[in-house]
Structures are given as C-alpha cells and as structure tokens.
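Step one of this worksheet: look at the structure below.
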Amino acid sequence: RAMPPRKKKATSSAAKSLRTPNSTAKDEDVTMDDAQEARSSDVADALFILARELEDSGDVLGALKAYETIIENSKTRAKCLPIDEARARVKAAGLLLRWTDNATRAKTHLEATQVLLKPLKRCEELKCLGLSLLGRTYKIMGSDYRKQRYNATQRGLVVAIGMRERSPDDAIWTMWTFHYYLEHADASLAEEDYSACESFLDAGMKVVRSIHGEHGSRMEVLFTVAQLQRALIQRASGVEPARVLAAAKNADDAMSRMLAENEAAEDTARLRFHYAVIRTLAKLLEGDALSATNDRQKLRGLMREVEQSSEAAYTWLPDPAAFALCKILMAEVCRPAGKLGDALSDLTEAKEIIDGELLTLGVLPQGGNAPKTEMGESEEDERLWVTCEDEMQLRVANDCQPYLILRVMCLESIVAVALTSCKYTVALDVCCQLTDMIETYPQTLSLVASHVDMTVGHTLHSLGKFQQASVRFMSASAKAATPSWRDVGTCCAALSILCIDEESSQSRALDIVNPVIRMHEATLTQVGKKDKVVKDPNTSSPSVADQALALFVAGYALLQQSNIDEAKARLGRALKMAHGYSGNNQLVSMSLRLIAGIVIETTKTDISQSLDMVQSSFTLSKAQEDLPSQLASLVDLIKIHEIQEQQGLAEEGQTAVLVDYEVRKRNQYEDKFTALSADEEAIERLERLIDNPNKL
C-alpha cells in the first residue's frame, strides 16, 4: 500500500520522550535477533563438532543424527543459518552415499542444498562439493537419471571455471576444474555423446598444458588415458572417427614425459598401472595379441607396486576390480598362444578376487538361497543377502555391477581354456554358472548377455551339437553390443552351419560370412589399404582377429565347394593375420592343415612343403592339448607318408607308426566322450543348455 506523507519530526522534549520507548523496543528486537542468531550459530557449531567426533570414532549413525538435528533446527524458531543447513545436508549426504544404500535420501539433501546455496555468496566450494556428490548420486540411481547427472556436472564445471578465472593462483579451483572436466566427460560418455566427451577432455588438457607447459605431469597422463578409453569405447561402438591410434600415441608421449620428471614411484603407481592396463586392452581389441606378449610380466609387477603404495586411489575402478580385470587381460594375452596353464592360473586368481568382493557386498552371483546364519550370530549381526535383481538396492547395484560383468568375462575365458584342452565337463559346468548369472541378474548383465550365448555356442559346437550351436551364435550376434562382437557371432554361426552335413551348408555359410568380409574390405578400401593391416589415425580398421576369423570360415566353405584357388587365397590371408598379429595358434594350426591339404591334392610330386605345414600344425595343437586338431593333423601326416612311401622317399614302417599313434589318440578322444556320456550331472547340464536356447 502507498504510505501517507511523513510529518515533520517533532523537536520538543515531550515528542522525544514519546519516541524513546518505541526506539528502545526496536533496538531490543534487533539485539534479540542477533542473540538468537548467535545462539543458533553456536548450537550448529557444537553439533558440527559432535558429528565430526562421532564420525572419527566410527559412529556413523550418531554423526548422521547430529547433522539431521542441524537440518531439523532450521524448521524451528531456533533455526540455523542457511549456510549451516547446506553444510549439514552435504555432510549427511556424503555419509549416506559412503555407508548406506539410501541414495534417495542423499539426493533429497543435495537437491535442497542447491536451493539453499543459490542466493548465497562466497560459498562456491560448497556448491562444487554438493554438485559433485549430486552427480555421483544420479550415477548410482541409474540410467533414468543420466540427464540430471549431465546437468549437475555442467553446473559444477561452470562454477569451477568461473572461480579459477577469478582466482587463477588458487590450486583448489584448478583441481575442481580438472575434476569436473573428467566427470562431465564421463557423463557425456554415458550419454554416448563421444564428440562432447572428447571436447571436455581436450579442454582439460589445455588447462594442464597452460600450467605445466612442456613438462610432464600426472594430470596429463590421466587426461590422455581417459581420452584413450573414450576412443576405445567409441571404436567398439562403431562410431567414427574414434582416433584410437592418435589417442594411444598421446598417452604414450604423456607417460614418457611424466617418467622424465623422476617423480617418486609410489606416487605414480596407480596411474602407471591404469595406463598399462588400458594399453594392453587396446592391443587385444585391435586383435594384436602378439604385441602384448611382454605385458603380462609388466602388469604383474605394477600390481605389486599398487598393493604396496600409500598413494590415494582415484576414480577409475576399485583396486580389486582393477586387479581382476588385469588378470583377465593377462590370461587373454597368453591363451591364444596355447599357454593354457598360465591363462588358467590368472583366471582362477581373478575369479577369487571377484567372488571375494561380491561376498563382501552380500551379493550371490548365481542367486540361490541365502547362506544360513552361523551359530553364535545375533539377529543384529545377520546380514541381508542379494539373491536376485529385485533385492538389489541402488548403491549395491552400482557397486556390484563391475564385479558381475568381470565374472562373466572370467568364466567366458575359463570355458575357452577348457574347450581347447577338451575338458568338456568343466566347460558344461561353467556354462551353467553363466546361465545362472544371466537369469538371476538379466538387467545388470544385459550388456554381456551375448557373451553368455557365445560361450554356450562354443561348448555345443565342440560337443557336435552344430545346429543348436548355430542358433546360439546367431542369438549372440543379434544381442551384440558392438559391431565387432556381432561379426564374431555371425562368423561362428557360419562355421557351425558349415559342419552340418547338408547339401546347402556350404552356400548357407558363405551367404552369412561373405557380407562380413565385404564390410571389412570396404572399410579397408576407404583408406586405401585393402588386404593390409590399417594404421590410420582417424578411421579404425576392423580387428585383425575378426578379419582372420571371417577369412578362415569363408576359405573353409570354399574348400568344401572345391573352389580350390579362392579357398587357398582366403586361408592364406587368414594364416598371415593369425600368425603375424593375433597370435591365435589354434587358428594358425587349422589354417596350416587346410592349406597343406590343398597342396597335397594339387601337387603330389613335391609335398615336402605340405609335410612341414602339417607337422607345424600338429606341434601347435599338441602344445595346447587340442585333440581334435591333433587327430586331423595325424590323418594328413599319414596321407603324406603314404605318398612318400610310394615315391620311395620315406622309410618303411613310418606310416604304421603314425597309424598306431593316431589310433591311440582317437581312443583317448573317444574316452572323453564315453566318460561324458556316463556323467549324469554333465548330461543334465548339456540338456539344460540345449532345451533353453532363448531363455538368456
């Protein structure tokens, strides 16, 4: 309302005496407000001190109650200042995220904090901390909150950049800027916005270089390794240009510069380990396992350094998850080369780490009944077990997902080792474990469901169930999360179809695998390097291992169609790639044997080259206990020696020795199937895998 015009002030002593009581009342009101505010501030300070002491003593619940009391006081007449309430909410949210599954309550505190802080000045650091925790909370709450997480990290980045511009010499704002560039890049990656992720990481690198110039630093390595991870994920998704080779070179250069600074080894142990794991992973994704041959020993040494280091961990993976991933990669480096004992040792250690962490989290990886409470445990000590996806709280779901995915990867590799060495009962057992996992946690493991189908398909194929195997492989191809895995599933399906004894098998197999080969060749032709391994900085080539597999399947199908020349050309290319890059001795052995068979049929006068190839094939298959390949090589060796005896080039009796050896090996192989058919448990597992092809 409009106020009436004020009268001229009275100057008489009476007027002054009439005005004095009112003025005194107002002064007393102000004094009382100040006193109340001071008392509220004192109460809040005391509660903060109490909460900190309780937290230090391990009484998390008591600390939470202290913070909640500050928050509740804000709603009474003795309410605390907004800054105190905001601090209490951030502290309470931090405890909730660290020690409980109550991410929803933490979200409520943190969202309220942003409302409280919006009109306040000089509380930017609290804003940054609150937004960081809020982004983390949204991440825990899953894919439904990806957009909210992106927005929270964006707001935090704006605050951090603004404060760094105002206070460029304050290191804390530089660190917050780095933090938010990395967090925002990760949030962009979750949105599959690879361009934005790359841009944020590049912007972070500019800040690093503005500080350190040409000198190496840990932060430069961290940003370049993050960029390499982005490139690998982008390449796997089939989105170009991923610039993998450029990212790998930048990471290598950054590591060299950092090492040149001679920082203490224990201060860089985790970073060097992170870098080494990602570089090994990059080589395996490229299909170039041979270049990672020396990585196994290096990774083992770096793991020991990390275990002994007092360096604070940073956000990547928890140490146990990183160690398990490392051991799986170490196994995948030596497994294709036939070093199955070393591979199985690494995989066993990885599985023990994973199962130990899942036990700590209270998650049963294959579901089932919760363990019974041990004698002497009280009801308070009895823990809650997660036996299915519906029982997962948000925090547990977020924490256990890496371990469940790693467990699938680990079991997948264990099956590969078992099948190569003809341990079929082991393979069936592990396949059923994988089936249990995917049936128990279908949403959590949706990204690796195709790997379970693929593993079951390999097992069925090895046991002669080619039709059922082809169904599994096609299912794996349909569910594949990446183009590379889709191609592998397609090629494996074609190989199983090829093994079905039908007139149309060869043409069906070629119809399936030829589009894969054409796609590979089109990609290679675009960069002008057809039939060669591509090293292009912008556009990625298909994995060398994928190319070799597709060429082998097509060559084998053409051979069965009696298209000898084309079959030999494709098998030769597959052999070159498998021998020179992927280090897949099983594929090398089979390619050598098939090419040797072509030479035997086409040139019977000079078969010394064929003999060398078949002998090499047999040696490779024997080293990895691959009985089927050994038998196939022995059949070809017997054929070659028979030809040589006819030509007078071989000593009499050598063929008979080989025939006797082949009979013993065949009996050994058949004994495995006899034992398998007598194992009721194994038969039940096989029937389960056959009867439920679409359940995964």
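Could you state the angle between the C-alpha long axis of helix 466-479 and the longest principal axis of the C-alpha atoms of the chain, as a value from 0 to 90 degrees rounded to the nearest 10? Helix 466-479 and the main axis of the chain meet at about 30 degrees. Would you compute the Debye intensity of the range 572-696 from its alpha-carbon atoms alone, equal scatterers and no solvent, and pass along log10 I(q)/I(0) at q = 0.09, 0.16, 0.20, 0.23 Å⁻¹ to two decimals? Summing over Cα pairs of the range 572-696 leads to -0.36, -0.86, -1.07, -1.22.
Among the listed pairs LYS568/LYS622; LYS107/LYS479; LYS283/LYS479, give every one whose C-alpha distance is greater than 32 Å.
On the way: LYS568/LYS622 24 Å; LYS107/LYS479 34 Å; LYS283/LYS479 24 Å.
From the list (LYS568/LYS622; LYS107/LYS479; LYS283/LYS479), the Cα-Cα distance tops 32 Å for LYS107/LYS479.
Lys-Lys pairs in the range 290-419 that are eight or more residues apart or on separate chains and whose Cα atoms lie under 20 Å of each other come to 5. Taking Cα atoms only, the orientation of helix 269-286 departs from the longest principal axis of the chain by about 40 degrees.
Between the helical axis of 394-420 and the dominant principal axis of the chain, each derived from Cα atoms, what acute angle in degrees is found, rounded to the nearest 10? Taking the Cα atoms of the chain, the angle to 394-420 is about 10 degrees. The order of the peptides 418-424, 225-231, 481-487, 120-126 by mean Cβ neighbours within 10 Å, most packed first, is 225-231, 418-424, 481-487, 120-126. Listed peptides 613-621, 246-254 appear in the order 613-621, 246-254 once ranked by packing, highest mean of other Cβ atoms within 10 Å at the front. Net charge in the neighbourhood of GLY457 (other residues with Cβ under 13 Å of its Cβ; Lys, Arg +1, Asp, Glu -1) is +1.
Heavy-atom accessible surface of the range 378-431, averaged per residue, reaches 43 Å², computed with a 1.4 Å probe. Remark on VAL363: its backbone amide H falls under 5 Å from those of VAL386, a criterion applied only to residues 5 or more positions apart or on other chains, H modelled at 1.01 Å from N. Here r is the Cβ-Cβ distance between ASP267 and ILE83 and R0 is 35 Å; the resulting FRET efficiency, rounded to 0.05, is 0.45. Note on the chain: Rg/Rh from C-alpha atoms, Kirkwood Rh, equals 1.12.
The values are calculated or read from the model by the stated rules, or taken from the named source; none is laboratory data. Please read all numbers here as calculations on a predicted model, not as lab measurements. Heads up, the Cβs are rebuilt from the backbone with ideal geometry, glycines too, and the neighbour counts pull from every protein chain shown. Heads up: the accessible areas ignore ligands, DNA and RNA and are worked out on the full protein's heavy atoms, side chains in. Shrake-Rupley method; radii C 1.70, N 1.55, O 1.52, S 1.80 Å.
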